[in-house]
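The values are calculated or read from the model by the stated rules, or taken from the named source; none is laboratory data. Since this is a predicted model, take the numbers as computed values, not measurements. Every residue, glycine as well, gets a Cβ built from its backbone with ideal geometry; the counts of neighbours run over all protein chains shown. We work out accessible area using only protein heavy atoms, side chains counted, and drop any ligands, DNA or RNA first. Shrake-Rupley method; radii C 1.70, N 1.55, O 1.52, S 1.80 Å.
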Amino acid sequence: MGSQIRLLGLCLWMYLVSFRFIGVNALNERGVEAVKGIVFIHGKSAIGKIDDDFICATLDWWPPQKCDYGKCSWGHASLLNLDLNNKILLNAVKAFSPLKIRLGGTLQDRVTYGTEDNRKPCIPFVWNTKAMFRFTEGCLPMHRWDELNSFFQKAGAKVIFGLNALAGKSGTAGSAVGPWNHSNAESFIRYTVRKKYTIHGWELGNELCGNGVGTSVSADQYASDVAALRYIVQNAYRGIEPKPLVIAPGGFFEANWFKEFVSKSGESVDVVTHHIYNLGAGVDDHLTDEILNPSFLDGVASTFSSLKNILQSSANSAKAWVGEAGGAYNSGHHLVSDAFVYSFWYLDQLGMSASYDTRTYCRQTLIGGNYGLLNTSTFVPNPDYYSALLWHRLMGGRVLSTTFIGTKKIRAYAHCAKESKGITILLLNLDNSTTVQAEVAIKYTESLWHRKRSRNSNFTKLPYPRVSEPARKEYHLTAKDGNLHSQIMLLNGNILTVNSAGDIPPLNPIYVDSSKPIIVGPLSIVFANIPDVVLPACS
(Lines give C-alpha, C1' and ligand atoms only; values in the text may rest on other atoms or scores of the structure.)
Protein backbone atom coordinates (compact mmCIF):
# COMPACT_ATOMS: atom_id res chain seq x y z
CA MET A 1 0.00 0.00 0.00
CA GLY A 2 2.81 2.39 0.84
CA SER A 3 4.41 1.97 -2.59
CA GLN A 4 1.03 2.55 -4.23
CA ILE A 5 0.58 5.80 -2.32
CA ARG A 6 4.05 6.99 -3.31
CA LEU A 7 3.40 6.08 -6.94
CA LEU A 8 0.09 7.93 -6.90
CA GLY A 9 1.79 10.94 -5.34
CA LEU A 10 4.45 10.95 -8.07
CA CYS A 11 1.78 10.71 -10.75
CA LEU A 12 -0.10 13.59 -9.18
CA TRP A 13 3.03 15.71 -9.06
CA MET A 14 3.90 14.97 -12.70
CA TYR A 15 0.35 15.74 -13.73
CA LEU A 16 0.27 19.03 -11.89
CA VAL A 17 3.56 20.16 -13.41
CA SER A 18 2.28 19.47 -16.92
CA PHE A 19 -1.09 20.99 -16.02
CA ARG A 20 0.56 24.18 -14.83
CA PHE A 21 2.76 24.57 -17.91
CA ILE A 22 -0.21 24.08 -20.21
CA GLY A 23 -2.20 26.87 -18.58
CA VAL A 24 0.19 29.47 -17.28
CA ASN A 25 0.91 31.25 -20.56
CA ALA A 26 -2.51 30.93 -22.09
CA LEU A 27 -4.43 34.14 -22.76
CA ASN A 28 -8.19 34.42 -22.90
CA GLU A 29 -10.09 36.53 -25.42
CA ARG A 30 -9.61 39.70 -23.37
CA GLY A 31 -5.86 39.30 -23.20
CA VAL A 32 -6.01 38.32 -19.53
CA GLU A 33 -3.61 35.57 -18.56
CA ALA A 34 -5.29 32.24 -17.82
CA VAL A 35 -3.92 29.79 -15.27
CA LYS A 36 -5.18 26.28 -14.64
CA GLY A 37 -5.19 24.79 -11.19
CA ILE A 38 -6.72 22.13 -8.98
CA VAL A 39 -8.63 22.39 -5.72
CA PHE A 40 -7.65 19.35 -3.66
CA ILE A 41 -10.24 18.42 -1.04
CA HIS A 42 -9.79 15.71 1.58
CA GLY A 43 -13.21 14.16 2.05
CA LYS A 44 -12.62 11.36 4.54
CA SER A 45 -13.14 13.43 7.68
CA ALA A 46 -13.70 17.03 8.71
CA ILE A 47 -10.82 19.08 10.12
CA GLY A 48 -13.08 21.42 12.08
CA LYS A 49 -16.63 22.40 12.86
CA ILE A 50 -18.45 25.72 12.95
CA ASP A 51 -21.75 26.74 14.49
CA ASP A 52 -24.76 26.88 12.17
CA ASP A 53 -24.85 30.57 13.12
CA PHE A 54 -21.10 31.03 12.62
CA ILE A 55 -21.59 34.55 11.27
CA CYS A 56 -21.80 37.13 14.03
CA ALA A 57 -21.68 40.93 14.01
CA THR A 58 -21.19 43.49 16.75
CA LEU A 59 -22.98 46.58 17.98
CA ASP A 60 -20.80 49.02 19.89
CA TRP A 61 -21.13 51.79 22.47
CA TRP A 62 -19.23 54.60 20.72
CA PRO A 63 -20.99 58.00 20.80
CA PRO A 64 -20.97 60.32 17.74
CA GLN A 65 -17.98 62.17 19.25
CA LYS A 66 -15.74 59.14 18.66
CA CYS A 67 -13.24 60.30 16.02
CA ASP A 68 -10.08 58.79 14.56
CA TYR A 69 -7.42 60.59 12.53
CA GLY A 70 -9.63 63.67 12.37
CA LYS A 71 -12.67 61.81 11.00
CA CYS A 72 -15.83 60.97 12.94
CA SER A 73 -17.38 57.84 11.43
CA TRP A 74 -19.79 56.53 14.05
CA GLY A 75 -22.81 58.79 13.77
CA HIS A 76 -25.85 57.35 15.51
CA ALA A 77 -24.78 53.70 15.47
CA SER A 78 -24.38 53.24 19.22
CA LEU A 79 -26.41 50.82 21.30
CA LEU A 80 -27.78 53.94 22.99
CA ASN A 81 -28.92 55.85 19.88
CA LEU A 82 -29.26 53.45 16.92
CA ASP A 83 -32.55 53.81 15.01
CA LEU A 84 -34.18 50.48 15.75
CA ASN A 85 -37.16 51.30 13.52
CA ASN A 86 -35.13 51.34 10.32
CA LYS A 87 -36.57 48.79 7.89
CA ILE A 88 -33.25 47.97 6.25
CA LEU A 89 -31.67 47.24 9.63
CA LEU A 90 -34.49 44.88 10.56
CA ASN A 91 -34.45 43.11 7.19
CA ALA A 92 -30.67 42.84 7.18
CA VAL A 93 -30.67 40.96 10.48
CA LYS A 94 -33.74 38.85 9.64
CA ALA A 95 -32.09 37.64 6.42
CA PHE A 96 -29.72 35.47 8.47
CA SER A 97 -32.35 33.72 10.59
CA PRO A 98 -30.50 33.94 12.92
CA LEU A 99 -27.62 36.37 13.18
CA LYS A 100 -25.55 36.35 16.33
CA ILE A 101 -25.07 39.92 17.59
CA ARG A 102 -22.41 40.69 20.17
CA LEU A 103 -23.10 43.85 22.18
CA GLY A 104 -19.87 45.33 23.44
CA GLY A 105 -16.63 47.05 22.62
CA THR A 106 -14.05 49.37 24.11
CA LEU A 107 -16.43 51.29 26.36
CA GLN A 108 -18.27 48.26 27.77
CA ASP A 109 -16.06 48.20 30.89
CA ARG A 110 -17.25 51.74 31.61
CA VAL A 111 -20.97 50.93 31.36
CA THR A 112 -23.32 50.79 34.32
CA TYR A 113 -26.87 49.49 34.13
CA GLY A 114 -29.87 51.55 35.21
CA THR A 115 -31.43 48.90 37.43
CA GLU A 116 -33.03 49.55 40.79
CA ASP A 117 -29.76 49.01 42.67
CA ASN A 118 -27.97 51.75 40.71
CA ARG A 119 -28.34 54.91 42.79
CA LYS A 120 -26.49 57.17 40.34
CA PRO A 121 -28.23 59.11 37.56
CA CYS A 122 -28.35 56.99 34.39
CA ILE A 123 -26.68 59.32 31.90
CA PRO A 124 -24.89 58.59 28.60
CA PHE A 125 -21.18 58.83 27.88
CA VAL A 126 -19.69 62.33 27.92
CA TRP A 127 -16.56 63.40 26.05
CA ASN A 128 -13.71 63.98 28.51
CA THR A 129 -10.08 64.07 27.36
CA LYS A 130 -8.83 63.09 30.82
CA ALA A 131 -10.95 59.93 31.08
CA MET A 132 -9.97 56.47 29.86
CA PHE A 133 -10.69 56.31 26.13
CA ARG A 134 -11.72 59.99 26.41
CA PHE A 135 -15.23 59.28 27.65
CA THR A 136 -16.75 59.26 31.12
CA GLU A 137 -18.72 56.29 32.37
CA GLY A 138 -22.04 55.80 30.62
CA CYS A 139 -25.26 54.08 31.62
CA LEU A 140 -27.68 51.76 29.84
CA PRO A 141 -31.26 52.75 30.83
CA MET A 142 -33.62 49.83 31.22
CA HIS A 143 -36.14 51.37 28.82
CA ARG A 144 -33.44 51.29 26.14
CA TRP A 145 -32.62 47.68 27.03
CA ASP A 146 -36.32 46.93 26.56
CA GLU A 147 -36.27 48.60 23.13
CA LEU A 148 -33.19 46.68 22.07
CA ASN A 149 -34.70 43.36 23.10
CA SER A 150 -37.91 44.13 21.27
CA PHE A 151 -35.84 44.66 18.12
CA PHE A 152 -33.77 41.51 18.66
CA GLN A 153 -36.93 39.46 19.09
CA LYS A 154 -38.49 40.81 15.88
CA ALA A 155 -35.24 40.34 13.97
CA GLY A 156 -34.56 36.85 15.31
CA ALA A 157 -31.10 37.76 16.60
CA LYS A 158 -29.09 35.70 19.09
CA VAL A 159 -27.65 38.14 21.60
CA ILE A 160 -24.28 38.05 23.34
CA PHE A 161 -23.92 40.82 25.94
CA GLY A 162 -20.51 42.07 27.10
CA LEU A 163 -20.52 42.94 30.81
CA ASN A 164 -18.40 45.52 32.64
CA ALA A 165 -15.50 43.53 34.14
CA LEU A 166 -13.75 46.51 35.77
CA ALA A 167 -16.50 47.27 38.29
CA GLY A 168 -14.99 47.32 41.78
CA LYS A 169 -11.38 47.10 40.62
CA SER A 170 -8.65 49.63 41.39
CA GLY A 171 -5.91 50.54 38.95
CA THR A 172 -2.18 50.44 39.56
CA ALA A 173 0.51 50.85 36.88
CA GLY A 174 -1.73 49.80 34.01
CA SER A 175 -3.26 46.87 35.88
CA ALA A 176 -6.72 46.54 37.37
CA VAL A 177 -6.60 44.61 40.64
CA GLY A 178 -9.11 43.20 43.07
CA PRO A 179 -12.21 41.05 42.60
CA TRP A 180 -15.03 41.96 40.27
CA ASN A 181 -17.90 43.79 41.97
CA HIS A 182 -20.76 42.03 40.23
CA SER A 183 -23.68 43.57 42.12
CA ASN A 184 -24.85 45.87 39.30
CA ALA A 185 -24.22 43.22 36.63
CA GLU A 186 -26.13 40.62 38.64
CA SER A 187 -29.04 43.01 39.05
CA PHE A 188 -29.01 43.59 35.29
CA ILE A 189 -28.94 39.84 34.56
CA ARG A 190 -31.84 39.23 36.94
CA TYR A 191 -33.83 42.06 35.34
CA THR A 192 -33.21 40.40 31.96
CA VAL A 193 -34.43 37.06 33.28
CA ARG A 194 -37.57 38.61 34.81
CA LYS A 195 -38.41 40.22 31.48
CA LYS A 196 -37.91 36.84 29.77
CA TYR A 197 -35.39 38.23 27.32
CA THR A 198 -33.39 35.47 25.65
CA ILE A 199 -29.63 35.93 25.89
CA HIS A 200 -27.37 33.49 24.06
CA GLY A 201 -24.30 34.36 26.09
CA TRP A 202 -22.91 36.68 28.77
CA GLU A 203 -19.35 37.81 28.05
CA LEU A 204 -17.11 39.31 30.72
CA GLY A 205 -14.81 42.19 29.82
CA ASN A 206 -13.29 43.67 26.68
CA GLU A 207 -9.57 43.62 25.82
CA LEU A 208 -8.34 43.28 29.41
CA CYS A 209 -6.26 40.13 28.87
CA GLY A 210 -2.49 40.01 28.45
CA ASN A 211 -1.15 43.56 28.31
CA GLY A 212 -4.68 44.84 27.85
CA VAL A 213 -5.90 47.97 26.10
CA GLY A 214 -6.10 50.81 28.58
CA THR A 215 -5.59 48.42 31.50
CA SER A 216 -5.25 44.70 32.14
CA VAL A 217 -6.39 41.97 34.52
CA SER A 218 -4.24 39.00 35.49
CA ALA A 219 -5.24 35.57 34.18
CA ASP A 220 -5.67 34.26 37.72
CA GLN A 221 -8.03 37.08 38.73
CA TYR A 222 -9.91 36.86 35.43
CA ALA A 223 -10.54 33.15 35.99
CA SER A 224 -11.89 33.95 39.46
CA ASP A 225 -14.17 36.66 38.09
CA VAL A 226 -15.50 34.32 35.38
CA ALA A 227 -16.26 31.72 38.05
CA ALA A 228 -18.33 34.39 39.83
CA LEU A 229 -20.22 35.11 36.60
CA ARG A 230 -20.84 31.39 36.14
CA TYR A 231 -22.33 31.17 39.62
CA ILE A 232 -24.61 34.17 38.95
CA VAL A 233 -25.83 32.73 35.64
CA GLN A 234 -26.51 29.31 37.15
CA ASN A 235 -28.59 30.86 39.93
CA ALA A 236 -30.39 33.53 37.93
CA TYR A 237 -31.40 30.96 35.31
CA ARG A 238 -32.31 28.22 37.77
CA GLY A 239 -34.95 26.00 36.16
CA ILE A 240 -34.42 27.64 32.74
CA GLU A 241 -32.85 25.69 29.88
CA PRO A 242 -30.77 26.17 27.93
CA LYS A 243 -28.76 28.53 30.07
CA PRO A 244 -26.74 31.29 28.41
CA LEU A 245 -23.12 30.63 27.59
CA VAL A 246 -20.42 32.12 29.82
CA ILE A 247 -17.88 33.79 27.55
CA ALA A 248 -14.46 35.40 28.11
CA PRO A 249 -12.00 37.12 27.87
CA GLY A 250 -12.72 39.05 24.67
CA GLY A 251 -9.23 40.40 24.02
CA PHE A 252 -6.05 40.02 22.01
CA PHE A 253 -4.41 36.62 22.06
CA GLU A 254 -1.27 36.18 24.15
CA ALA A 255 -0.39 32.52 24.48
CA ASN A 256 0.89 32.46 28.07
CA TRP A 257 -2.02 34.51 29.43
CA PHE A 258 -4.63 32.44 27.58
CA LYS A 259 -3.01 29.17 28.62
CA GLU A 260 -3.12 30.17 32.29
CA PHE A 261 -6.66 31.52 31.99
CA VAL A 262 -8.00 28.37 30.30
CA SER A 263 -6.27 26.18 32.86
CA LYS A 264 -7.57 28.08 35.89
CA SER A 265 -11.09 28.81 34.64
CA GLY A 266 -11.90 25.11 34.27
CA GLU A 267 -15.53 24.48 33.41
CA SER A 268 -16.55 28.04 34.34
CA VAL A 269 -16.10 29.24 30.75
CA ASP A 270 -17.98 27.84 27.75
CA VAL A 271 -16.40 29.99 25.06
CA VAL A 272 -12.93 31.56 24.84
CA THR A 273 -13.01 34.70 22.69
CA HIS A 274 -10.21 36.66 21.09
CA HIS A 275 -10.03 39.73 18.85
CA ILE A 276 -8.43 40.18 15.42
CA TYR A 277 -7.11 43.47 14.00
CA ASN A 278 -4.26 42.02 11.97
CA LEU A 279 -4.26 44.72 9.28
CA GLY A 280 -3.05 47.42 11.67
CA ALA A 281 -4.21 51.00 11.94
CA GLY A 282 -7.11 52.26 9.86
CA VAL A 283 -5.03 55.25 8.76
CA ASP A 284 -2.55 52.99 6.94
CA ASP A 285 -2.47 53.67 3.19
CA HIS A 286 -1.17 50.17 2.44
CA LEU A 287 -4.20 48.21 3.64
CA THR A 288 -5.19 47.12 0.13
CA ASP A 289 -1.70 45.79 -0.57
CA GLU A 290 -1.81 43.75 2.64
CA ILE A 291 -5.27 42.37 1.88
CA LEU A 292 -4.12 41.12 -1.53
CA ASN A 293 -0.86 39.64 -0.22
CA PRO A 294 -1.20 35.89 0.47
CA SER A 295 1.85 35.85 2.74
CA PHE A 296 0.42 38.64 4.87
CA LEU A 297 -2.94 36.91 5.14
CA ASP A 298 -1.22 33.72 6.28
CA GLY A 299 0.42 35.54 9.19
CA VAL A 300 -2.57 35.30 11.54
CA ALA A 301 -2.88 31.52 11.15
CA SER A 302 -0.50 31.03 14.08
CA THR A 303 -3.01 32.73 16.40
CA PHE A 304 -5.85 30.41 15.39
CA SER A 305 -3.56 27.39 15.62
CA SER A 306 -2.14 28.31 19.04
CA LEU A 307 -5.55 28.85 20.62
CA LYS A 308 -6.82 25.60 19.12
CA ASN A 309 -3.87 23.74 20.66
CA ILE A 310 -4.40 25.34 24.07
CA LEU A 311 -8.06 24.34 24.12
CA GLN A 312 -7.40 20.82 22.85
CA SER A 313 -4.79 20.23 25.54
CA SER A 314 -6.98 21.59 28.34
CA ALA A 315 -9.27 19.52 30.54
CA ASN A 316 -12.36 21.63 29.85
CA SER A 317 -14.67 21.72 26.84
CA ALA A 318 -14.52 25.42 25.96
CA LYS A 319 -14.73 26.39 22.27
CA ALA A 320 -12.94 29.20 20.42
CA TRP A 321 -14.72 32.22 18.96
CA VAL A 322 -13.44 35.35 17.32
CA GLY A 323 -15.38 37.78 19.48
CA GLU A 324 -14.50 40.93 17.53
CA ALA A 325 -12.70 41.46 14.23
CA GLY A 326 -12.55 44.69 12.29
CA GLY A 327 -9.29 44.05 10.46
CA ALA A 328 -8.04 47.63 10.71
CA TYR A 329 -8.36 49.19 14.17
CA ASN A 330 -9.57 52.69 15.04
CA SER A 331 -12.76 52.43 13.00
CA GLY A 332 -11.28 51.05 9.78
CA HIS A 333 -10.63 52.99 6.57
CA HIS A 334 -13.31 54.50 4.36
CA LEU A 335 -13.44 52.98 0.86
CA VAL A 336 -11.34 50.07 2.02
CA SER A 337 -13.03 48.42 5.01
CA ASP A 338 -16.48 49.38 3.70
CA ALA A 339 -15.70 48.54 0.07
CA PHE A 340 -15.46 45.46 -2.14
CA VAL A 341 -11.76 44.84 -1.51
CA TYR A 342 -12.42 44.04 2.15
CA SER A 343 -14.33 40.89 1.24
CA PHE A 344 -11.02 39.28 0.31
CA TRP A 345 -9.76 39.83 3.86
CA TYR A 346 -13.10 39.04 5.50
CA LEU A 347 -13.91 35.82 3.67
CA ASP A 348 -10.33 34.64 4.02
CA GLN A 349 -10.63 35.22 7.76
CA LEU A 350 -13.86 33.22 7.89
CA GLY A 351 -12.33 30.35 5.95
CA MET A 352 -9.04 30.30 7.84
CA SER A 353 -10.55 30.59 11.31
CA ALA A 354 -13.06 27.83 10.54
CA SER A 355 -10.25 25.50 9.47
CA TYR A 356 -8.81 25.86 12.99
CA ASP A 357 -12.08 24.89 14.67
CA THR A 358 -13.25 28.42 15.47
CA ARG A 359 -16.99 28.06 16.04
CA THR A 360 -18.19 31.68 15.62
CA TYR A 361 -16.74 34.82 14.03
CA CYS A 362 -18.02 38.27 15.09
CA ARG A 363 -17.43 41.08 12.63
CA GLN A 364 -16.84 44.58 13.95
CA THR A 365 -19.42 45.96 13.19
CA LEU A 366 -22.97 45.32 12.05
CA ILE A 367 -23.19 49.10 11.74
CA GLY A 368 -20.84 51.84 12.90
CA GLY A 369 -17.40 53.11 11.98
CA ASN A 370 -15.92 52.48 8.55
CA TYR A 371 -16.05 48.69 8.85
CA GLY A 372 -19.79 48.12 9.26
CA LEU A 373 -21.63 45.50 7.26
CA LEU A 374 -24.20 48.26 6.84
CA ASN A 375 -23.55 51.88 5.91
CA THR A 376 -23.59 53.99 9.07
CA SER A 377 -25.72 56.77 7.57
CA THR A 378 -28.02 55.02 5.08
CA PHE A 379 -28.12 51.48 6.55
CA VAL A 380 -27.61 50.17 2.99
CA PRO A 381 -25.52 46.97 2.99
CA ASN A 382 -21.84 47.29 2.18
CA PRO A 383 -20.22 44.52 0.07
CA ASP A 384 -19.13 42.48 3.09
CA TYR A 385 -22.76 42.12 4.15
CA TYR A 386 -23.51 40.09 1.04
CA SER A 387 -20.30 38.09 1.45
CA ALA A 388 -21.37 37.23 4.99
CA LEU A 389 -24.89 36.28 3.92
CA LEU A 390 -23.65 33.98 1.15
CA TRP A 391 -21.26 32.30 3.57
CA HIS A 392 -24.09 31.86 6.09
CA ARG A 393 -26.36 30.23 3.51
CA LEU A 394 -23.82 28.06 1.70
CA MET A 395 -21.00 26.98 4.03
CA GLY A 396 -22.03 24.11 6.28
CA GLY A 397 -20.82 23.12 9.72
CA ARG A 398 -18.13 20.64 8.69
CA VAL A 399 -14.84 22.05 7.42
CA LEU A 400 -12.83 20.16 4.81
CA SER A 401 -9.06 20.20 4.38
CA THR A 402 -8.48 22.10 1.15
CA THR A 403 -5.39 22.95 -0.90
CA PHE A 404 -5.08 24.82 -4.18
CA ILE A 405 -2.29 24.03 -6.65
CA GLY A 406 -1.65 26.30 -9.63
CA THR A 407 -1.07 29.80 -8.25
CA LYS A 408 -0.42 31.27 -4.82
CA LYS A 409 -2.92 34.02 -5.57
CA ILE A 410 -5.91 31.74 -5.05
CA ARG A 411 -7.25 31.26 -1.53
CA ALA A 412 -9.38 28.11 -1.35
CA TYR A 413 -11.72 26.78 1.33
CA ALA A 414 -14.35 24.05 1.30
CA HIS A 415 -17.13 22.92 3.63
CA CYS A 416 -19.86 20.36 3.47
CA ALA A 417 -22.79 22.22 1.95
CA LYS A 418 -25.36 23.85 4.20
CA GLU A 419 -28.96 22.70 3.89
CA SER A 420 -28.19 20.84 0.66
CA LYS A 421 -26.23 17.87 -0.57
CA GLY A 422 -22.62 17.98 -1.65
CA ILE A 423 -19.95 20.53 -0.86
CA THR A 424 -19.40 24.27 -1.21
CA ILE A 425 -16.06 25.66 -2.34
CA LEU A 426 -14.96 29.26 -1.77
CA LEU A 427 -12.28 30.63 -4.11
CA LEU A 428 -10.70 34.10 -3.75
CA ASN A 429 -8.58 35.34 -6.66
CA LEU A 430 -6.16 37.99 -5.38
CA ASP A 431 -4.56 38.47 -8.81
CA ASN A 432 -5.54 41.51 -10.87
CA SER A 433 -4.59 40.10 -14.26
CA THR A 434 -5.18 36.35 -14.19
CA THR A 435 -8.26 34.23 -14.73
CA VAL A 436 -8.05 30.86 -13.02
CA GLN A 437 -9.64 27.67 -14.33
CA ALA A 438 -10.04 25.50 -11.26
CA GLU A 439 -10.81 21.80 -11.40
CA VAL A 440 -11.70 19.78 -8.33
CA ALA A 441 -9.93 16.69 -6.98
CA ILE A 442 -11.49 14.76 -4.13
CA LYS A 443 -9.68 12.39 -1.78
CA TYR A 444 -12.10 9.83 -0.38
CA THR A 445 -9.71 7.56 1.51
CA GLU A 446 -6.10 7.69 2.62
CA SER A 447 -4.91 6.68 -0.86
CA LEU A 448 -7.64 7.19 -3.44
CA TRP A 449 -8.35 10.37 -5.41
CA HIS A 450 -10.86 11.33 -8.08
CA ARG A 451 -10.67 14.30 -10.40
CA LYS A 452 -13.54 15.27 -12.67
CA ARG A 453 -12.86 15.20 -16.42
CA SER A 454 -9.48 13.53 -16.05
CA ARG A 455 -7.89 12.82 -19.42
CA ASN A 456 -4.45 11.98 -18.11
CA SER A 457 -3.64 8.28 -18.00
CA ASN A 458 -1.33 8.78 -15.02
CA PHE A 459 -4.08 10.34 -12.94
CA THR A 460 -6.24 7.81 -11.13
CA LYS A 461 -9.93 7.97 -12.05
CA LEU A 462 -12.25 6.42 -9.53
CA PRO A 463 -15.95 5.82 -9.33
CA TYR A 464 -17.41 7.77 -6.42
CA PRO A 465 -20.78 8.14 -4.72
CA ARG A 466 -22.97 10.63 -6.55
CA VAL A 467 -26.54 11.68 -7.00
CA SER A 468 -28.20 12.55 -10.32
CA GLU A 469 -25.53 14.90 -11.71
CA PRO A 470 -27.34 18.22 -11.16
CA ALA A 471 -25.68 21.40 -12.37
CA ARG A 472 -23.24 23.23 -10.12
CA LYS A 473 -24.47 26.46 -8.53
CA GLU A 474 -22.03 29.35 -8.75
CA TYR A 475 -22.03 32.78 -7.14
CA HIS A 476 -19.48 35.17 -8.68
CA LEU A 477 -18.78 38.36 -6.70
CA THR A 478 -17.09 41.31 -8.39
CA ALA A 479 -16.74 45.06 -7.86
CA LYS A 480 -18.75 47.55 -9.90
CA ASP A 481 -16.66 48.75 -12.84
CA GLY A 482 -13.81 46.60 -11.57
CA ASN A 483 -13.08 49.21 -8.88
CA LEU A 484 -11.84 47.47 -5.73
CA HIS A 485 -12.83 50.51 -3.66
CA SER A 486 -16.40 50.51 -4.89
CA GLN A 487 -19.12 50.11 -2.28
CA ILE A 488 -21.31 48.34 -4.83
CA MET A 489 -20.97 44.59 -5.29
CA LEU A 490 -22.12 42.57 -8.28
CA LEU A 491 -23.42 39.02 -8.04
CA ASN A 492 -23.07 37.20 -11.35
CA GLY A 493 -22.88 40.61 -13.03
CA ASN A 494 -25.96 42.08 -11.33
CA ILE A 495 -25.85 44.93 -8.81
CA LEU A 496 -26.85 43.98 -5.28
CA THR A 497 -28.98 46.62 -3.62
CA VAL A 498 -32.06 46.93 -1.43
CA ASN A 499 -35.34 48.05 -2.99
CA SER A 500 -37.50 50.99 -1.94
CA ALA A 501 -39.10 48.87 0.79
CA GLY A 502 -35.71 48.09 2.28
CA ASP A 503 -35.80 44.42 1.25
CA ILE A 504 -32.56 42.48 0.95
CA PRO A 505 -32.18 41.29 -2.67
CA PRO A 506 -32.28 37.58 -3.54
CA LEU A 507 -28.88 35.98 -3.98
CA ASN A 508 -29.48 33.85 -7.05
CA PRO A 509 -26.82 31.54 -8.53
CA ILE A 510 -25.96 30.71 -12.09
CA TYR A 511 -26.01 27.05 -13.10
CA VAL A 512 -22.92 25.50 -14.65
CA ASP A 513 -22.19 22.05 -16.05
CA SER A 514 -20.54 20.19 -13.18
CA SER A 515 -17.97 18.70 -15.54
CA LYS A 516 -16.56 22.13 -16.40
CA PRO A 517 -13.81 23.87 -14.38
CA ILE A 518 -14.72 26.72 -12.04
CA ILE A 519 -13.73 30.00 -13.70
CA VAL A 520 -12.47 32.61 -11.25
CA GLY A 521 -11.90 35.99 -12.84
CA PRO A 522 -9.22 38.49 -11.76
CA LEU A 523 -9.94 40.06 -8.36
CA SER A 524 -13.15 38.10 -7.98
CA ILE A 525 -14.71 35.74 -5.47
CA VAL A 526 -16.63 32.55 -6.25
CA PHE A 527 -18.80 30.31 -4.10
CA ALA A 528 -19.44 27.02 -5.92
CA ASN A 529 -21.98 24.55 -4.57
CA ILE A 530 -21.35 21.08 -6.04
CA PRO A 531 -24.32 18.87 -5.13
CA ASP A 532 -23.17 15.65 -6.80
CA VAL A 533 -20.24 14.95 -4.45
CA VAL A 534 -21.02 12.69 -1.50
CA LEU A 535 -18.18 12.56 1.02
CA PRO A 536 -17.66 10.47 4.14
CA ALA A 537 -16.89 13.70 6.01
CA CYS A 538 -20.35 15.03 5.19
CA SER A 539 -22.40 11.94 5.90
Are there any pairs with C-beta distances below 7 angstrom linking a residue in the range 498-526 that is on the phi > 0 side of the Ramachandran plot and of a type in the set (Lys, Arg) to a residue that is open to solvent by 50 Å² or more (accessible area, probe 1.4 Å) and in a loop (DSSP other than H, G, I, E, B), with the two at least 6 apart or on different chains, and if so which?
none
Does Trp321 fit the bill of being assigned to a strand (DSSP E or B), of a type outside the set (Lys, Arg) and touching a residue at least 60 places away in the same chain (Cβ under 8 Å)?
yes
Among the candidates Asn85, Asn81, Asn91, which residue alone is buried (at least 17 other Cβ atoms within 10 Å of the Cβ) and not aromatic (Phe, Trp, Tyr)?
Asn91
For the range 502-528, what are the residues that are at pLDDT 95 or above and either closer than 20 Å to Ile405 by Cα or basic (Lys, Arg) (or both)?
Pro517, Ile518, Ile519, Val520, Gly521, Pro522, Leu523, Ser524, Ile525, Val526, Phe527, Ala528
Which one of these does Val322 not meet: (1) touching a helix residue (DSSP H, G or I) at 6+ places or on another chain (Cβ under 7 Å); (2) under 22 Å from Asp83 (Cβ atoms); (3) open to solvent by less than 10 Å² (accessible area, probe 1.4 Å); (4) not polar (S, T, N, Q)?
(2)
With respect to Asn149, is the statement that it is surrounded by fewer than 21 Cβ atoms within 10 Å (Cβ to Cβ), touching a residue at least 12 places away in the same chain (Cβ under 8 Å) and part of a loop (DSSP other than H, G, I, E, B) true?
no
If you check Gly280 against the conditions, is it on the phi > 0 side of the Ramachandran plot, open to solvent by 70 Å² or more (accessible area, probe 1.4 Å) and small (Gly, Ala, Ser)?
no
Within the range 286-306, how many residues are open to solvent by less than 50 Å² (accessible area, probe 1.4 Å), without any contact (Cβ under 8 Å) to a residue 60 or more places away in the chain and hydroxyl-bearing (Ser, Thr, Tyr)?
3
In the range 29-43, residue surrounded by the most Cβ atoms within 10 Å (Cβ to Cβ) [restricted to those that are farther than 30 Å from Thr358 by Cα and at pLDDT 50 or above]:
Val35
I want to confirm something. Restricting to the range 473-498 and keeping residues that are of a type in the set (D, E, K, R) and closer than 24 Å to Ile425 by Cβ, which single residue is surrounded by the fewest Cβ atoms within 10 Å (Cβ to Cβ)?
Glu474
What are the residue pairs meeting all of these: first residue in the range 32-60, first residue at positive phi, second residue surrounded by fewer than 22 Cβ atoms within 10 Å (Cβ to Cβ) and small (Gly, Ala, Ser), Cβ atoms under 6 Å, and 6 or more apart or on different chains?
none
Inspect the range 349-365 for any residue being open to solvent by less than 10 Å² (accessible area, probe 1.4 Å) and over 22 Å from Leu390 (Cα atoms) and give the result as yes or no.
no
Members of the range 94-140 that are under 29 Å from Trp321 (Cα atoms), of a type in the set (Ser, Thr, Tyr) and either open to solvent by less than 60 Å² (accessible area, probe 1.4 Å) or in a helix (DSSP H, G or I) (or both)
Thr106, Thr112, Tyr113
Residues of the range 268-285 classified as without any contact (Cβ under 8 Å) to a residue 60 or more places away in the chain and over 16 Å from Thr303 (Cβ atoms), total:
5
In this structure, does Phe344 turn out to be within 17 Å of the chain's Cα centre (by Cα), part of a helix (DSSP H, G or I) and at pLDDT 95 or above?
yes
Yes or no: Asp503 of a type in the set (D, E, K, R), in a loop (DSSP other than H, G, I, E, B) and open to solvent by less than 30 Å² (accessible area, probe 1.4 Å)?
no
Among the residues of the range 213-249, which ones are buried (at least 22 other Cβ atoms within 10 Å of the Cβ) and part of a loop (DSSP other than H, G, I, E, B)?
Val217, Pro244
Test result for Tyr385, in a helix (DSSP H, G or I), out of contact with any Phe, Trp or Tyr (no Cβ under 8 Å at 6 or more places or on another chain), of a type outside the set (A, V, I, L, M) and modelled with pLDDT of 95 or more
yes
Counting only residues in the range 44-63 that are touching an Asp or Glu at 6+ places or on another chain (Cβ under 8 Å) and open to solvent by less than 10 Å² (accessible area, probe 1.4 Å), the one nearest to Arg110 (Cα to Cα) is identified as Thr58
